[in-house]
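**Q** If you scroll down you'll find the structure; I have some questions about it.
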Ligand SMILES: [Zn+2]
């Protein structure tokens, strides 16, 4: 895991608890220094998910087979798209985690 600045340093984001979250390297690199993205369903720009102020389960759900993150809201869909949270590499990994009983998380 890596530390992500929710509001990027390039946009005057602080290195503080309220502005940091853990992210895998892939998500962090695809997020880059953006704070908003396009919701692929509505075609409108919206803020990315903020794990410090928003609840994951209100914006995302796991697919029935546990391999894909589904966006439930504009924020969720835009975040899934921007961070490429369903890239082919992670889908294969999640499939193996499901078989092993490690995934999806129970909460
Ligand atoms: Zn990730």
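**Q** Is at least one residue of the range 8-21 in contact (Cβ under 8 Å) with a residue 24 or more places away in the chain and within 13 Å of residue 79 (Cα to Cα)?
**A** no
**Q** Can you name the residue in the range 46-62 that is touching a residue at least 24 places away in the same chain (Cβ under 8 Å) and either closer than 18 Å to residue 13 by Cα or in contact with a helix residue (DSSP H, G or I) (Cβ under 8 Å, 6 or more places away or on another chain) (or both) and, of all such residues, is surrounded by the fewest Cβ atoms within 10 Å (Cβ to Cβ)?
**A** 52
**Q** A further question on this structure: Go through (1) closer than 23 Å to residue 29 by Cα; (2) in contact with a helix residue (DSSP H, G or I) (Cβ under 6 Å, 6 or more places away or on another chain); (3) in contact (Cβ under 8 Å) with a residue 24 or more places away in the chain one by one and return the number of the condition residue 69 breaks.
**A** The one condition residue 69 does not meet is (3).
**Q** Something else: On the basis of being surrounded by fewer than 16 Cβ atoms within 10 Å (Cβ to Cβ), more than 22 Å from residue 31 (Cβ to Cβ) and within 16 Å of the ligand (Cβ to nearest atom), does residue 102 make the cut?
**A** yes
**Q** Output the residue which, of all residues in the range 25-35 that are surrounded by 13 or more Cβ atoms within 10 Å (Cβ to Cβ) and without any contact (Cβ under 8 Å) to a residue 40 or more places away in the chain, is nearest to the ligand (Cβ to nearest atom).
**A** Once the filter is applied, the top-ranked residue is 28.
**Q** Which members of the range 7-22 meet the condition of being assigned to a loop (DSSP other than H, G, I, E, B) and either surrounded by fewer than 11 Cβ atoms within 10 Å (Cβ to Cβ) or within 16 Å of the ligand (Cβ to nearest atom) (or both)?
**A** 12, 15, 16
Read-outs: derived from the displayed coordinates by stated rules, not from any lab. Treat the numbers as computed from the prediction; the structure is a model and nothing was measured. Counting neighbours? That spans all protein chains shown, and the Cβs are built from the backbone with ideal geometry, glycine included.
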